[in-house]
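Enquirer: The following block contains the structure, expressed as structure tokens.
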Amino acid sequence: MAAAWQDVVQDVVRDAAAVREAAAAAVDAALLAGVLMRTGEQPHASDVVNYAPFTLLPSAVPRALFEQAYAVQQDFNLLVDAVSQNKEFLEQTLASTIKVDDFTARLFRIHMQVLEEGLAQTVFLGINRSDYMFDCGLDGAAALRQIEINTIAASFGGLTSRTTDVHRLVLKVLGKTEEASHLLPNNPAKGLALGIAKAWELYGSQRAVVMFLVEDVQRNIFDQRCVENELWNRNIRVLRRRFRDVWEQGSLDASRRLFVDGQEVAVVYYREGYVPQVYDQQNWEARLLLERSRAVKCPDIATQLAGTKKVQQELSRPGTLEKLLPGHPEAISRIRATFAGLYSLDEGEEGDRIAATAIADPDRFVLKPQREGGGNNLYGEELREVLEKIKDSPERTSYILMDKIKPQPALNYLLRAHSPLQVSECISELGIFGVYVRQGRELVLNQAAGHLLRTKAVEHADGGVAAGVAVLDTPYLV
Ligand code: ADP
Ligand code: MG
């Protein structure tokens with residue numbers, strides 16, 4: 001019989017020598033397994049690399065909530081896909097936001113321009129990650145609450161495919177062999193590659209390649225390589241190119257087939273393009289070229305817009321899901337069961353009221369702008385100050401408010417290069433990867449493709465792994 005998980009953790013925490021030995025074994029296992037990142041000092045080459053930060057121990061995840069998150073993933077795939085195809089919904093939902101948020105406005109303009117020209121793309125590929133926290137109610141019971149859904153460049157599916165083996169080894173080193181045997185297999189890299197390969201196949205040209213659209217600074221290259229190498233294993237050619245390369249070497253032919261460096265591109269897999277800072281005029285032109293092309297974009301610009309926080313907030317309005325997914329009442333109730341309270345800050349009485357409530361009680365809320373990548377949200381006193389300042393200005397509309405989720409902390413060790421080994425109070429965020437492929441109007445693939453658990457010390461309100469706050473983890477179901 002496996003002991004209760006918190007007893008296992010208590011047991012480990014008491015034995016400092018065993019923890020040190022396990023941490024040393026863990027780091028070496030991570031390096032051997034390929035849980036890697038380039039270093040901040042040498043981000044442009046792989047001569048010097050280090051392990052990606054991770055927890056020493058797996059973290060407890062309530063089994064029922066884990067299963068709930070998997071069970072709703074196909075519904076979320078369906079929903080994102082429906083939103084991306086609903087021009088009126090995106091237009092209405094983002095109307096107030098694009099008046100004040102330049103980045104969203106620019107994306108939206110490309111979206112409209114591409115629709116006006118008429119879509120050349122006929123195959124659609126979605127890779128998303130729906131993220132959740134476990135909200136601790138007054139009665140002590142935990143509930144699954146969606147934090148957000150990432151519809152572009154959802155990362156760490158590659159590295160997390162390799163962390164389970166590391167945690168299994170660590171548990172064995174700590175004498176927890178029974179517990180080690182309970183860790184679930186997890187391989188999002190394979191699932192994501194399956195979706196990309198399916199889209200490539202439906203595009204229908206053996207010679208065409210998959211292009212990973214990558215950043216200038218690629219510290220997380222190994223995560224991407226995990227997916228890339230799965231494609232090479234299937235004899236699908238992969239190019240890695242930046243927006244700048246596309247601007248210099250990209251072109252469309254008369255039927256809007258995309259060519260980069262003379263090679264036809266079947267699928268563009270964006271691991272870049274979700275923050276305003278990367279876009280200068282040339283990169284915007286490159287983005288437009290890609291969006292106008294026949295190539296399968298993962299995601300197309302409409303699907304990127306479907307992942308904005310403003311859309312998330314509007315989806316939570318009574319009646320919206322029913323309009324977007326007619327004939328799917330069960331999917332709707334599964335989706336809605338994961339929603340936290342979300343509030344519009346649009347001008348008007350509704351926005352005035354919730355702004356006043358949040359100013360009076362900021363710790364109940366998170367204030368979110370239309371940005372991705374971590375570190376953009378506002379909490380507590382800072383939330384109050386910013387909201388005070390913008391409450392009577394149109395700028396308020398570029399944000400949404402969300403109920404703050406309060407998970408039960410648990411002890412763990414965050415292993416990070418050059419950091420001391422110490423026990424921390426931690427909270428975790430569970431992500432489920434979703435993959436779908438649509439040809440014309442027909443969904444030909446719709447699956448959950450694996451999970452990602454990220455854990456951070458409780459004192460950090462915000463931030464993911466790439467932002468240097470959270471670390472990779474493995475769920476231990478309880
Ligand atoms: P981003 O697009 O920057 O990843 P998120 O909405 O995922 O934005 O927020 C970033 C981080 O902030 C999350 O990973 C989570 O740790 C924290 N966070 C976001 N929303 C909430 C919330 N409602 N309650 C508690 N923490 C939150
Ligand atoms: Mg996030």
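Enquirer: Taking all pairs of different Cα atoms in the stretch 54-210, averaging 1/r and flipping that mean, what Kirkwood radius in angstroms comes out?
Expert: After inverting the mean inverse Cα-Cα distance, the result is 19.3 Å.
Enquirer: Still on this structure, I have one more. Hey, for a label at A24 modelled as a point 7 Å past Cα toward Cβ, could you say which residues of the stretch 134-171 have their backbone N under 16 Å away?
Expert: So the set is 170.
Enquirer: For R353 and R441, what is the calculated FRET efficiency with R₀ set at 51 Å and r taken between the beta-carbons, to the nearest 0.05?
Expert: 0.80
Enquirer: Pop out the ³J(HN,Hα) list for the stretch 239-245 in order, Karplus 6.51 cos²θ - 1.76 cosθ + 1.60 with θ = phi - 60°, rounded to Hz; leave Gly and Pro as x.
Expert: Each residue's phi maps through the Karplus curve to give 10, 10, 9, 9, 3, 4, 5 Hz.
Enquirer: Counting heavy atoms of the protein chains only and a 1.4 Å probe, report the per residue accessible area for the chain as a whole number of Å².
Expert: 41
Enquirer: Please report the net charge: other residues with Cβ closer than 14 Å to the Cβ of R454, K and R +1, D and E -1.
Expert: Net charge around R454: -3.
Enquirer: Still on this model: Would you mind getting me the FRET efficiency between D403 and H460? Use the beta-carbon distance for r and R0 = 22 Å, nearest 0.05.
Expert: FRET efficiency, D403 to H460: 0.75.
Enquirer: Related question: Using the Karplus equation 6.51 cos²θ - 1.76 cosθ + 1.60 (θ = phi - 60°), what ³J(HN,Hα) coupling, rounded to whole Hz, does each residue of the stretch 328-340 give in order, writing x for Gly and Pro?
Expert: Values per residue, Gly and Pro as x: 10, x, 6, 4, 4, 6, 5, 4, 4, 4, 9, 6, 8 Hz.
Enquirer: Here's another thing I want to ask about it. Could you sort C298, C136 by accessible area so the largest value comes first, with the probe set to 1.4 Å?
Expert: Per-residue accessible area, sorted high to low, gives C136, C298.
Enquirer: List the pairs from K368/K389; K87/K323; K190/K309; K309/K404 whose alpha-carbon separation is above 20 Å, in the order I gave them.
Expert: As for pairs spanning more than 20 Å Cα to Cα, those are K190/K309.
Enquirer: Using the Kirkwood radius over C-alpha pairs as Rh, can you work out the diffusion coefficient of the stretch 284-375 via Stokes-Einstein at 20 °C, viscosity 1.002 mPa s, in µm² per second?
Expert: Rounded to a whole number, D works out at 134 µm²/s.
Enquirer: Hey, another quick one. Whose amide H sits under 5 Å from the amide H of R257, counting only residues 5 or more places off or on another chain, with H placed in the peptide plane?
Expert: Those qualifying (amide H under 5 Å, at least 5 residues apart or on another chain) are R294.
Enquirer: Another question about this same structure. If amide H atoms are built 1.01 Å from N in the plane of the peptide, which residues on other chains or at least 5 residues away come under 5 Å of the amide H of G434?
Expert: Hits under the 5 Å cutoff: N128, R129, S130, A449.
Enquirer: Using a basic spin-label model with each label point 7 Å from the Cα along Cα→Cβ, how many nm lie between Q68 and H44?
Expert: For the pair Q68/H44, the computed spacing is 4.9 nm.
Enquirer: Let me ask another. At a 1.4 Å probe radius, which order do F156, F259 fall into by accessible area, largest first?
Expert: Final ranking, largest accessible area leading: F259, F156.
Enquirer: Roll a 1.4 angstrom probe over the protein heavy atoms and tell me the percent of accessible area of the chain that is carbon or sulfur.
Expert: Carbon and sulfur atoms account for 48 percent of the accessible area of the chain.
Enquirer: Net charge near R109: determine it from the other residues with C-beta under 14 Å of the C-beta of R109, scoring Lys and Arg +1 and Asp and Glu -1.
Expert: -2
Enquirer: What FRET efficiency, computed as 1/(1 + (r/R0)^6) with R0 = 22 Å and r the Cβ-Cβ distance, is obtained for E116 and L252, rounded to the nearest 0.05?
Expert: Efficiency computed from Cβ-Cβ geometry: 0.85.
Enquirer: When all C-alpha to C-alpha distances in the chain are sorted into bins of 10 Å, what percent of pairs does each bin hold, rounded to whole numbers?
Expert: Result returned by the calculation: 4, 20, 30, 27, 15, 4, 0.
Enquirer: I need the phi-derived Karplus couplings for the stretch 23-31: 6.51 cos²θ - 1.76 cosθ + 1.60, θ = phi - 60°, integer Hz, Gly and Pro marked x.
Expert: 5, 5, 5, 5, 4, 5, 5, 5, 5
Enquirer: So what's the back-of-envelope 222 nm ellipticity for the chain, counting only DSSP H runs of four-plus at -39500 (n - 2.57) apiece and dividing by all residues, rounded to 500?
Expert: Counting only the DSSP helices, I get -12500 deg cm²/dmol.
Enquirer: Would you mind calculating the gained length between A105 and L138 on full extension (0.36 nm times residue separation, minus the Cα-Cα distance), in nm to one decimal?
Expert: Full-extension gain reported as 7.8 nm.
Enquirer: So what's the projected area for the stretch 1-117, the Cα convex hull averaged over all directions, in nm²?
Expert: 14.2
Enquirer: Please report the relative contact order for the stretch 219-287, taking Cα pairs under 8 Å with a sequence separation of at least 6, and give it as a percent rounded to a whole number.
Expert: For the stretch 219-287, the relative contact order is 27 percent.
Enquirer: Within 13 Å, Cβ to Cβ, of V80, how many net charges do the neighbouring residues add up to if Lys/Arg are +1 and Asp/Glu are -1?
Expert: Computed value for this residue: -2.
Enquirer: Based on the alpha-carbon gyration tensor of the stretch 404-478 and its eigenvalue square roots a ≥ b ≥ c, which shape applies: rounded if a/c is under 1.5, prolate if not and a/b is larger than b/c, or oblate?
Expert: Prolate, since a/c reaches 1.5 and a/b exceeds b/c.
Enquirer: On to the next question. Tell me, what is the 1.4 Å probe accessible area of L171, in Å² to the nearest 10?
Expert: About 0 Å², ignoring ligands and nucleic acids.
Enquirer: What value in Å³ per residue do you get for the convex hull of the alpha-carbon atoms in the stretch 341-404?
Expert: Looking at the stretch 341-404, the number lands at 73 Å³ per residue.
Enquirer: Right, another one. For Y436, tell me the accessible area in Å² from a 1.4 Å probe, rounded to the nearest 10.
Expert: In the full protein context, Y436 sits at about 10 Å².
The values are calculated or read from the model by the stated rules, or taken from the named source; none is laboratory data. Fair warning: this is a prediction, and the values are worked out from it, not measured in the lab. As a convention, Cβ positions derive from the backbone with ideal geometry for all residues, glycine included, and neighbour counts pool all protein chains shown. For accessibility, only protein heavy atoms count, side chains too; no ligands or nucleic acids. Shrake-Rupley method; radii C 1.70, N 1.55, O 1.52, S 1.80 Å.
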